[in-house]
Every structure is written in structure tokens, then in C-alpha cells.
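A short write-up of the structure that comes next.
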Amino acid sequence: MEQFLGTTVDVYIGLTIILAGGIAFMMGQAIARSWLPAWQVVAYSLLLAVTTRFFIYALFDGRMLLLSGYIIDATVLMSIALIGFRMTRVQMMVTQYPWLYERTSVLQYRALKP
């Protein structure tokens, strides 16, 4: 597993999933609260994955220029950020437009029938 991640599993879980994942979640929330489109979550997640790869390299002597590690980092961080984006956007829509939408789950809402 370390050959794909470019670092040990415990460093990956601690740095990428817990620390950078929390940052990604808050990033998704901030983009949603600004009413910006979801593609910006993707763009910022790619930049956050580069930063995470640098911290793995600089702090834990991992491999920075490892394509598989970057793709895994970007995918995990993008997923977490998009979940934060969607949760916040659903909450905003059902709160600001209660006569139009109702929440069906944490990640979905639907239009009210007249």
C-alpha cells in the first residue's frame, strides 16, 4: 500500500484524511455558502492535494512526485469537499426557500408540490 500512497498508512490517514479532509470539508462548505459553482470545489481540491503531497514530502520524507499518490489524495479530498458542499447547499436551499423545497435526506432536497 505504501508504494501507491508514497508514505505509510498511518501518516496518510492522519495527514490526508483527518487534517486535509477537515480542511476540504470546510472548503466545500465555504464555497457553498458563497453560492459559487461546484466546479470550484474540484479546482481547489486539486490544489489542496498538491499541498498535501508537499507536506507528506517535507514532514515525513514521503514521495512528492508520485502520480498514484496524488490521484488518491485528490480523489479522497474532492469527495470529502463535495460532501461538505452538498450538505451545506441542501441546508441553505431548504432554509432560504422553505415554500419551494423540503429536505429528503442530508444530501438531497425536492421541490414541494403545489
With angles folded into 0 to 90 degrees, how steeply does helix 39-60 sit against the dominant principal axis of the chain? Use alpha carbons for both and round to 10.
30 degrees
How large is the charge dipole for the stretch 1-97, taken about the Cα centre, if only the Cβ atoms of Lys, Arg (+1) and Asp, Glu (-1) carry charge, to the nearest 20 debye?
400 debye
Please list 3-9, 14-20, 92-98, 74-80 highest first by mean number of surrounding beta-carbon atoms within 10 Å per residue.
74-80, 14-20, 3-9, 92-98
To make sure I understand, if each residue's beta carbon is the centre and we count other beta carbons within 10 Å, what order do 25, 85 fall in, fewest to most?
25, 85
Sort 73, 10 so the one with the fewest other Cβ atoms within 10 Å of its own Cβ comes first.
10, 73
With a ≥ b ≥ c the root eigenvalues of the C-alpha gyration tensor of the stretch 22-72, is it rounded (a/c under 1.5), prolate (a/b larger than b/c) or oblate?
prolate
Computed from the beta carbon distance with a Förster radius of 22 Å, FRET efficiency for residue 111 and residue 43 to the nearest 0.05 stands at 0.15
For a label point 7 angstrom out from the Cα of residue 71 toward its Cβ, which stretches of the stretch 4-36 have the backbone nitrogen within less than 15 Å?
4-6
Name the residues whose placed amide hydrogens come within less than 5 Å of the amide hydrogen of residue 109, ignoring near sequence neighbours (fewer than 5 apart) on the same chain.
104
Which of these values of Rg/Rh (Cα atoms, Kirkwood Rh) was calculated from the structure shown: (i) 1.12; (ii) 1.01; (iii) 1.26?
(i)
Taking the chain as the reference, fit the longest principal axis to its C-alpha atoms, fit the long axis of helix 67-96 to the helix C-alpha atoms, and give the angle between the two in degrees, 0 to 90, nearest 10.
20 degrees
Let me have the relative contact order for the chain, percent, based on Cα pairs under 8 Å that are six or more residues apart.
31 percent
Using the Karplus curve 6.51 cos²θ - 1.76 cosθ + 1.60 with θ = phi - 60°, what ³J(HN,Hα) values do you get for each residue of the stretch 25-34, in whole Hz, with x for Gly and Pro?
4, 5, 5, x, 5, 5, 5, 5, 5, 8
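Since every read-out is calculated from the coordinates, none of them should be taken as a lab result. Source: prediction; values computed, not measured. Methodologically, a virtual Cβ is constructed for each residue, glycine included, from the backbone with ideal geometry; neighbour enumeration extends over all protein chains shown.
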